[in-house]
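What follows is a set of notes on a single structure, which appears directly below.
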Amino acid sequence: MNDGGERSGSQAADAETSSRNGDGEPTLGTGDSGSDRSGRAALLTRRRLTIAGTVLVLAGLFVAVRELDIRTITAEISSADPVVLGAAVVVYVVSWPLRGRRYDDVLAAMDHRSGTAVATVAVFVSQTANLAIPARAGDAVRAYVMKRQRGVSYAAGVASLTVERLFDLATIATLAVLATAWLAIGGDTGPLELVAEAGGARTALLAAAAVSTATVGVGAVVVTSARADHGLGAWLRAQGQGRPWLEGALEAAVQFASDVQVVVRQPRALAAIGAGSLLVWSLDVLTAVLVLAALDSGLPIGTVLSVGTLAVSVGNLAKVLPLSQGGVGLYEAAFTALVVGLTPVGASVALAAAIVDHALKNGVTLLGGTGAVAWLGLSLSDATTGSEATRETGSVLGEPKR
C-alpha cells in the first residue's frame with residue numbers, strides 16, 4: 001500500500017535474486033528441508049482434496065442425471081447444428097490471442113514485456129495444467145514459463161496472476177449484474193423475484209452474488225487504499241508480529257493489495273486490461289450462446305443472450321471453489337440450473353448445452369496447450385516439481401476456467 005513499510009517491486013526482485021545461484025535460476029536443494037517436506041505434503045494434500053472433490057461432484061451430477069433420460073441427452077447433443085458449433089469453436093479460438101494480449105498488458109504494467117505470442121503460449125500451458133494436474137498447478141507452471149522464456153521473476157509472475165484473476169472475477173461479476181438487469185427490465189420481475197423464480201438455481205445465484213459482492217468489496221478497498229497515504233500496510237504487518245498464525249495471512253493480504261495497486265495507479269493500464277477482460281469474457285459468453293443456438297433451444301435471441309450470459313457467469317463463479325478438477329461438474333450444474341430455472345427449456349437440452357459448451361472449451365484449451373508445450377519443449381511435471389514455482393506460488397490463486 002502507499003506507505004514506507006511497503007517493499008518495492010525491485011526490492012522483491014532483488015530479494016528473490018539473492019536466493020538464486022549465479023545464473024539467476026532457483027537454487028534447488030537449499031533451505032530448510034523440513035519446510036520443503038511440509039510444502040510438498042501440503043501440495044499433496046491439496047491434490048488429494050481436489051481429486052476427492054472431483055469424485056464427489058461427479059457422483060452428485062450422476063445422481064442428478066439419473067432423473068433424466070441419458071439417451072435423450074445424447075440425442076440432443078447429436079442433433080446439434082455442426083455449422084453453428086463450428087462457429088462457436090472459431091469464436092472461442094479467437095479469444096485466446098486476446099487472453100495473451102491482456103496478460104502481456106498486465107506484465108507491461110509491472111515493467112515486463114513478453115509479447116502477445118509468448119504470453120498466449122504461457123496462458124495456454126497454465127490452463128492446460130489446471131485441467132490436467134490437481135491443485136491448480138497451472139499458476140506455478142505459468143510463473144515457470146515466464147521465468148524461463150522472458151526472465152520474469154517468480155514474484156512478478158505470481159503478482160501478474162493475482163491481477164489477472166481479480167480482473168476476471170470483476171468482469172464476470174459485471175456481466176452477471178448486466179444480465180440480471182436485462183432480465184429484470186425485459187420482464188415484469190425484479191432481481192429478487194428472479195431469484196425466487198429460479199428454483200433449483202437459487203443456491204447458485206446466491207453463491208455467485210456472494211462472490212461478486214466480495215470481489216467488488218475487495219476491489220473498492222484496493223482502489224481506495226491506492227489513492228491514500230495512510231500507512232495501512234505497515235500497520236497490518238505490525239499487528240501480525242509475534243503471531244505466526246496471523247503474520248502469514250496479513251503479509252499475503254498486503255502483498256495482494258500491493259500487486260493490484262501497481263495497475264490501479266496507471267489509468268491507461270487499468271483501462272486496457274479492463275477492456276481486454278470484457279472482450280475475452282464476452283467471447284466466452286458468445287460461445288455458450290452459439291452452443292444453445294446449435295441445440296435449437298427455441299428461445300428468442302434476447303433471452304438466449306441474457307440467460308446465456310448469466311449462466312456462463314454463475315457457472316464460472318461456481319468454479320472459483322476448488323472442489324473439482326477443471327471445474328467439471330460444478331460448471332454444468334450451475335449452467336443447467338440457471339437455464340432450466342429461468343427459461344422453459346427442458347433439463348435435457350440445458351444439460352446437453354452445458355456439457356457441449358464446457359467440453360468444447362476444454363477441448364480447445366487442451367489442444368492449444370499441447371501445441372504450446374511441444375513448442376516450448378516443456379514437461380508439465382518438470383515445471384511443477386523441478387523448480388521453486390510450486391513452493392513460491394503454492395497454487396493458491398483460484399480461476400474461472402475457460
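When you look at Val260, is it part of a helix (DSSP H, G or I), over 15 Å from Ile172 (Cβ atoms) and within 20 Å of the chain's Cα centre (by Cα), yes or no?
Details: part of a helix (DSSP H, G or I): yes; over 15 Å from Ile172 (Cβ atoms): yes; within 20 Å of the chain's Cα centre (by Cα): yes.
Against the criterion (part of a helix (DSSP H, G or I), over 15 Å from Ile172 (Cβ atoms) and within 20 Å of the chain's Cα centre (by Cα)), Val260 qualifies.
Being small (Gly, Ala, Ser) and surrounded by fewer than 23 Cβ atoms within 10 Å (Cβ to Cβ) is the filter here; which residues of the stretch 156-178 pass it? Talk me through it step by step, then tell me what you get.
Here is the first cut: in the stretch 156-178, the ones small (Gly, Ala, Ser) are 156-157, 159-160, 170, 173, 176.
Hits for the stretch 156-178 are Ala170, Ala173.
Mind listing just one residue for me: the one in the stretch 91-123 that is of a type in the set (Asp, Glu) and touching a residue at least 24 places away in the same chain (Cβ under 8 Å) and, of those, surrounded by the most Cβ atoms within 10 Å (Cβ to Cβ)? I'd like the intermediate steps shown before the answer.
Let us first name the residues in the stretch 91-123 that are of a type in the set (Asp, Glu), namely 104-105, 111.
Add one more test, that the residue is touching a residue at least 24 places away in the same chain (Cβ under 8 Å), and what stays is 105, 111.
Details: Asp105: 27, Asp111: 12.
Only one residue tops the list, namely Asp105.
Being farther than 24 Å from Leu169 by Cα, surrounded by fewer than 19 Cβ atoms within 10 Å (Cβ to Cβ) and at pLDDT 85 or above is the requirement here; does Gly371 meet it? Steps first, answer last, please.
Numbers: farther than 24 Å from Leu169 by Cα: yes; surrounded by fewer than 19 Cβ atoms within 10 Å (Cβ to Cβ): yes; at pLDDT 85 or above: yes.
When the stated conditions are applied, Gly371 passes them.
From Gly341, Gly298, Gly315, grab the single residue that is modelled with pLDDT under 85, farther than 30 Å from Val121 by Cα, assigned to a helix (DSSP H, G or I) and not hydrophobic (A, V, I, L, M, F, W, C).
Criteria check complete, one pass: Gly341.
Do we have any residue at all in the stretch 150-161 that's part of a helix (DSSP H, G or I) and among the β-branched types (Val, Ile, Thr)?
Checked against the condition, which is being part of a helix (DSSP H, G or I) and among the β-branched types (Val, Ile, Thr), the stretch 150-161 yields at least one hit.
The values are calculated or read from the model by the stated rules, or taken from the named source; none is laboratory data. Note that this is a predicted model, so its numbers are computed, not measured. For neighbour counting, all protein chains shown are included, and Cβ atoms are generated from backbone atoms with ideal geometry for every residue, glycine included.
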